[in-house]
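Asks: One structure is given below, represented as structure tokens, and several questions about it will come after.
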Amino acid sequence: MLPVWAEGLLLLAAILFGASFLRLRTRTKKLAARLEAREREGHFLGESPDPQVIVRHAHAAASAILPLSRFDLYRVDDTGRVHEVWTLPAPGEGLPRDPTRDDAHAYLGIEVDPARILEFAAIETDRSFAPRELLSGGPATRQLRLPLYSGDRFVAFLDLASPEPIDDLKKGEIRALLGPLTASLHAAHNWTIAVTDELSGLASRRYFETRLAEEWARHARYENALALACFDLDLFKTVNDTHGHAAGDLALRKFGELTRSAIRGSDVACRYGGEEFAVLFPETDSSAACRVAERIRMALENERFRFEGRPFHVTVSAGVADSRPPATAAGKEQLVFRGDQALYMAKAKGRNRVVVWSEAAARETPGARRAKR
């Protein structure tokens, strides 16, 4: 027989153990339910090539695990430089708490030191790395610095912070999230390569034509505005013949850079072929598209090129057209034709200018199609 006080201690221990077991079981069930819901909802990460969708869904999944005061994601390109930064905005009334892309972040373009990053990783196999801070047995923390590796390729760096301690159970849930997040960011990277012209950094022609068909179908259904601008670098053969093709490549890269900085995220810019480019402007009429095309033209005109110590100058001509009059079955091809015709008009009028297509302008420039170069 145990004394009464010993029986009381055993009973208390049993009660505490039972309560702890119930809490653990409840937490395990909640975790299983969250993981099951995450699995049902999607293969959201793998299916969408849009980094914004991937990052926001990952943030929502992480927020279901623990409250977050910081969610900063730094994507890294093949050269090892930070090329995209997503951050959680500061709390504010009426402001969204989804991560947003910071195009002016101080870390953009910074080359990542692989040795420094490996300090935050633990090697699991010869070609597999895991975030060291998520390994079990470590102390609870309020910050996690997580390098994301797809095999041995460093994809991104995720910096999380929480006002609450992050224990082993929560670390395990976060680690379960990182697998699909890393795979999706890697897939988005590969998708971008597949649809991007390597030299200019703009979309490929095939992707552009796919998006043009989508936007035209939307225009035909909802009667929203749609504009197109066609560009052609002036006397580009002369640049190649005089300064070499490497100088021409430099001009193509710079034009792509200037175009990307001038257009919206919803616009689609592509290298149409050679020194020809096109930009699609959803929800935009020809006057607004003309203003953007003029900014691109002026930016290139003001650019001072130099290759192997020799300066050279590059300009561009552009033609703009929009979806007026109302959409027809052949309207998509007509839109491209009119944009191209307006481009020829710009060439015929002396190059280095933007022309908006109109019936009157087309009648006034009968020799436009012979004046492209």
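The values are calculated or read from the model by the stated rules, or taken from the named source; none is laboratory data. On a predicted model such as this, the values are computed, not experimentally measured, just so you know. Because the Cβ atoms are built from the backbone with ideal geometry, glycine has one as well, and the counts that use them run over all protein chains shown.
Asks: Are any residues in region 270-296 part of a loop (DSSP other than H, G, I, E, B) and touching a strand residue (DSSP E or B) at 6+ places or on another chain (Cβ under 6 Å), and if so, which ones?
Replies: Scanning region 270-296 gives Glu275, Thr284, Asp285.
Asks: Right, next: Hey, does region 41-49 have a residue that's within 22 Å of Pro180 (Cα to Cα), at pLDDT below 85 and of a type in the set (Phe, Trp, Tyr)?
Replies: yes
Asks: Can you go through Val320, Val314 and tell me which one is modelled with pLDDT of 95 or more and assigned to a strand (DSSP E or B)?
Replies: From the options Val320, Val314, the qualifying one is Val320.
Asks: For region 214-269, how many residues meet the condition of being in contact with a strand residue (DSSP E or B) (Cβ under 9 Å, 6 or more places away or on another chain), surrounded by fewer than 16 Cβ atoms within 10 Å (Cβ to Cβ) and not in a helix (DSSP H, G or I)?
Replies: Residues meeting the conditions: 5.
Asks: Could you list all residues from region 179-208 that are acidic (Asp, Glu) and crowded, with 18+ Cβ neighbours inside 10 Å?
Replies: Of everything in region 179-208, just one residue is acidic (Asp, Glu) and crowded, with 18+ Cβ neighbours inside 10 Å, namely Asp197.
Asks: Based on what the data block shows, is Asp232 within 27 Å of Arg153 (Cα to Cα), touching a residue at least 24 places away in the same chain (Cβ under 8 Å) and of a type in the set (D, E, K, R)?
Replies: It is false that Asp232 is within 27 Å of Arg153 (Cα to Cα), touching a residue at least 24 places away in the same chain (Cβ under 8 Å) and of a type in the set (D, E, K, R).
Asks: Select the strands (runs of 3 or more DSSP E) contained entirely in region 81-168, then report the ones holding at least 3 residues which are modelled with pLDDT under 85, loosely packed, with under 15 Cβ neighbours inside 10 Å and not aromatic (Phe, Trp, Tyr).
Replies: The strands (runs of 3 or more DSSP E) meeting that bar are 121-125.
Asks: Hey, another quick one. Condition test on Met345, is it part of a helix (DSSP H, G or I) and either surrounded by fewer than 18 Cβ atoms within 10 Å (Cβ to Cβ) or acidic (Asp, Glu) (or both)?
Replies: Judged against the criteria, Met345 is not a match.
Asks: Which condition from (1) under 30 Å from Arg264 (Cβ atoms); (2) in the same structural domain as Pro114 (by TED's automatic domain parsing); (3) modelled with pLDDT under 90 is the one that Glu223 breaks?
Replies: (2)
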